[in-house]
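J.: One structure follows; several queries about it will come next.
The values are calculated or read from the model by the stated rules, or taken from the named source; none is laboratory data. As the structure is a prediction and not an experimental result, all values here were calculated from the model. Cβ coordinates were reconstructed from backbone atoms using ideal geometry, including for glycine residues, and neighbour counts include every protein chain displayed. These accessible areas exclude ligands, DNA and RNA; they are computed on the full protein's heavy atoms, side chains included. Shrake-Rupley method; radii C 1.70, N 1.55, O 1.52, S 1.80 Å.
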Amino acid sequence: MAATLDLTTLGAFYRRQLLEDVLPFWFPRAYDEKNGGLYHCFDADGTLVDTDKSVWAQGRMAWMLLTMYNSIEKNPDWLKWAESALNFLTAKCVDPADGRMYFHVEADGTPIRKRRYAYSESFAAIAFAAHAKAAGNEESAKAARHWFDVFTDICFTPGKMVPKFTGNRPTTGLGTRMITLATAQELRKYLGDEDGFYTGWIDRCINDLRTLFMKPELKAVMEVVSPDGAIIDHFDERTLNPGHTIEGGWFVLEEARFRGNDPELIKVGCDMIDWAFARGWDKENGGLLYFTDVYGKPVQEYWHNMKFWWPHDEALIAMTLAYKLTGEERYAICHDMVHNWAFSHFQDVQHGDWFGYLNKDGSRANTLKGSLWKSFFHHPRAMWFCAHYCGAI
């Protein structure tokens, strides 16, 4: 019998996971009533292990809360917690010297670190856009447009981003295109698309994906290439991130869905997902490897064979959406492979939510549920999108 997915049953499961397992772990304990904003550095049982705050987590967590508010129920607590994060972002997380956002601050907003890239700004943009819808707030709509413009200006204006290297080996990266694509999709959803502004950015990013980063002859999507798309044969530039490619693949599939199941975009998104899953799935132990090398050479990063939570979340979304758009059996099979492995290894049946970091064999590397990198974002987003694509939200 051919493998299929029971979307009704799965949708109910993912919705239940979001609302009865993930959400209760994070809230209300993440709400910082004293300083404003949201905590996110938690141990397995919800103990706060660090009071510092990631700035991009404020935007990510607010967006997630507001996405739930806009689609599930008008829960006043969800709105209150999200608005606390947005107010904290505005009041505490912007460097007055240049109008850029910090990356890492103390509980009260004292700045600790600023980074060269502008992802704090991109996640602020989607949060403010979702708030504009939730509260009918034009100031939030303006803030969303502003932070999108800041983000794209830094990422796409030559010389605007502080250089990481000397410039003797010029490169360009996949990450900025992926995040621009997803950010533009969110702003178009909530703010409209006057003169095709956001769709123009989406088209530009997908074109770059196809012409610079996708390598059909190798069945690979590069993370970093030379400005003309050539592969650079050195450690960093050969390194692939399967979870990242899978995430980009479902962003493209979401665009295909938005455009009436555009067959050309479905092929692009499915190719990205197929290639990354084939290269990333650990055939010995199960789970997705963090890094691989495009030519099968050794990877320099020592955590290359660990299993992180977020690639598995991205794969759940990708396989669910790919199956919904194509009906192809392989996506049902891959969904079940990811689902069964992830929920049997990452899930904390005692306290709820997923652990973040596993070793190659699937054993737990530590007990963290939240950090400067893991917050109320990837996992609840996956539960939301899977439930949404299955018709339960």
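J.: To the nearest 20 debye, what charge dipole does the stretch 31-161 have about its Cα centre, counting +1 at the Cβ of each Lys and Arg and -1 at the Cβ of each Asp and Glu?
T.: Dipole of the stretch 31-161, to the nearest 20 debye: 460 debye.
J.: Counting only heavy atoms of protein chains, what accessible area per residue, in Å², does the stretch 287-360 have with a probe of 1.4 Å? All intermediate terms of the calculation are to be shown ahead of the outcome.
T.: Numbers: 2780 Å² over 74 residues.
Per-residue value: 38 Å².
J.: What share of all Cα pairs of the stretch 215-370, in percent, falls into each consecutive 5 Å distance bin?
T.: 2, 10, 18, 20, 19, 15, 10, 5, 1, 0, 0
J.: Another question about this same structure. If you take the square roots of the eigenvalues of the alpha-carbon gyration tensor of the stretch 146-217 and sort them as a ≥ b ≥ c, do you get rounded (a/c under 1.5), prolate (a/b over b/c) or oblate?
T.: Since a/c reaches 1.5 but b/c is at least a/b, the shape of the stretch 146-217 is classed as oblate.
J.: Per the helix-only calculation at 222 nm, which mean residue ellipticity applies to the chain, given -39500 (n - 2.57) for every DSSP H run of n ≥ 4 and division by its residues, nearest 500 deg cm²/dmol?
T.: Values: 14 runs with 200 residues, N = 393.
Result for the chain: -16500 deg cm²/dmol, rounded to the nearest 500.
J.: Please report the Cα spread of the stretch 31-161 along all three principal axes, rounded to whole Å, starting with the longest.
T.: 44, 34, 23
J.: Using the Cβ atoms and a cut-off under 11 Å, what net charge is assigned to the surroundings of Ala118, where Lys and Arg are +1 and Asp and Glu are -1?
T.: +2
J.: If I take R0 = 30 Å and measure r between the Cβ atoms of Leu7 and His304 in this structure, what FRET efficiency does the formula 1/(1 + (r/R0)^6) give, to the nearest 0.05?
T.: Details: r = 34 Å, r/R0 = 1.15.
So, using R0 = 30 Å, E works out to roughly 0.30.
J.: Whole-Å semi-axes of the chain's equivalent ellipsoid, largest first, each the root of 5 times a Cα gyration tensor eigenvalue? The partial results should precede the final answer.
T.: Details: eigenvalues 164, 135, 100 Å².
Semi-axes from the Cα gyration tensor: 29, 26, 22 Å.
J.: Taking springs between alpha-carbon atoms closer than 10 angstrom, which of Arg259, Arg330, Arg381 fluctuates most in the Gaussian network model of the chain?
T.: Arg259
J.: Further question on the same structure: Report the label-to-label distance for Thr211 and Asp282 in nanometres (one decimal), using points 7 Å from each Cα along the Cα→Cβ vector.
T.: 3.9 nm
J.: Between Phe103 and residues 5 or more places away or on another chain, which pairs have amide H atoms under 5 Å apart, with H built 1.01 Å from N, and which residues are they?
T.: Amide H to amide H, under 5 Å and 5 or more residues apart or across chains, Phe103 pairs with Arg113, Lys114, Arg115.
J.: Okay, moving on. Hey, in the GNM for the chain with a 10 angstrom Cα cutoff, which one of Glu223, Glu284, Glu33 fluctuates hardest?
T.: So, out of Glu223, Glu284, Glu33, the one fluctuating most is Glu284.
J.: Say each of Thr110 and Lys267 gets a label point 7 Å from the Cα, pointing the same way as Cα to Cβ; how far apart are those two points in nm?
T.: 5.8 nm
J.: Which of Lys80/Lys374; Lys142/Lys307; Lys114/Lys142; Lys74/Lys369; Lys267/Lys307 have a Cα-Cα distance over 29 Å? Don't jump to the answer; show the numbers that get you there.
T.: Numbers: Lys80/Lys374 22 Å; Lys142/Lys307 39 Å; Lys114/Lys142 24 Å; Lys74/Lys369 27 Å; Lys267/Lys307 27 Å.
As for pairs spanning more than 29 Å Cα to Cα, those are Lys142/Lys307.
J.: While we're on this one: Arg177: net charge of surrounding residues, Cβ under 9 Å, Lys/Arg +1, Asp/Glu -1, itself excluded?
T.: Values: positive: Arg204; negative: Asp208.
So the environment of Arg177 carries a net charge of 0.
J.: Would you calculate the separation in nanometres between label points at Phe27 and Glu73, each defined as 7 Å from the Cα along the Cα-to-beta-carbon direction?
T.: 1.2 nm
J.: Among Phe103, Phe13, Phe346, which one shows the biggest mean-square fluctuation in a GNM of the chain, springs joining Cα atoms closer than 10 Å?
T.: Answer for the Gaussian network model of the chain: Phe13.
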